[in-house]
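Step one of this worksheet: look at the structure below.
The values are calculated or read from the model by the stated rules, or taken from the named source; none is laboratory data. Bear in mind the structure is a predicted one, so any value in this text is a computation, not a measurement. Cβ placement follows ideal geometry from the backbone for every residue including glycine, while neighbour counts extend to all protein chains displayed. Just the protein is used for accessible areas: all its heavy atoms, side chains included, with ligands, DNA and RNA removed. Shrake-Rupley method; radii C 1.70, N 1.55, O 1.52, S 1.80 Å.
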Amino acid sequence: MRFSIQFPTDRVDAGPEFCSQEAIAQMARQTENSGFHACYVTDHPFPTDDWLDSGGHHAMDPLVSLSAVAMATSHLRL
């Protein structure tokens with residue numbers, strides 16, 4: 001059985017706690033060391049006003065986030 005986990009890159013309101021390069025790298029290393037096989041992030045970096053008004057959220061760019069994960073890990077799938 002394989003497990004994956006979502007990184008909280010949609011928590012831009014939390015600032016550097018979840019959305020800094022250091023935080024993403026730390027989460028990535030811990031995820032890999034904990035035995036997870038993969039991670040993923042949300043893909044809404046530029047939401048429309050309509051989507052935000054209906055309950056949507058801001059998020060970091062997924063390619064930037066996953067690039068930081070790739071730089072910090074060896075085997076974790078993205």
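A few remarks follow.
- The chain: angle of helix 21-33 to the longest principal axis, Cα-based, in degrees nearest 10: 50 degrees
- Area accessible to solvent at Thr42, 1.4 Å probe radius, in Å²: 20 Å²
- Angle between the chain longest axis and helix 62-72 axis [Cα atoms, degrees, rounded to 10]: 20 degrees
- Computed about the Cα centre, the dipole magnitude for the chain is approximately 560 debye when only Lys and Arg (+1) and Asp and Glu (-1) carry charge, each at its Cβ.
- Between Arg77 and Ala38, Cys39, the built amide H atoms are under 5 Å apart, and every one of these is 5 or more places off in sequence or on another chain.
- Residue of Gly35, Gly55, Gly15 that the Gaussian network model of the chain assigns the largest fluctuation, springs spanning Cα pairs under 10 Å: Gly55
- Entry note, segment 1-46: relative contact order of 55 percent, from Cα contacts under 8 Å with a spacing of 6+ residues.
- Largest mean-square fluctuation among Asp13, Asp49, Asp61, in a Gaussian network model of the chain whose springs join Cα atoms under 10 Å apart, belongs to Asp49.
- When you restrict to C-alpha pairs under 8 Å that are six or more residues apart and normalise by the size of the chain, the relative contact order lands at 38 percent.
- Given the alternatives (i) 18.5; (ii) 15.7; (iii) 12.9, Kirkwood radius over Cα pairs in Å as computed for this entry is given by (iii).
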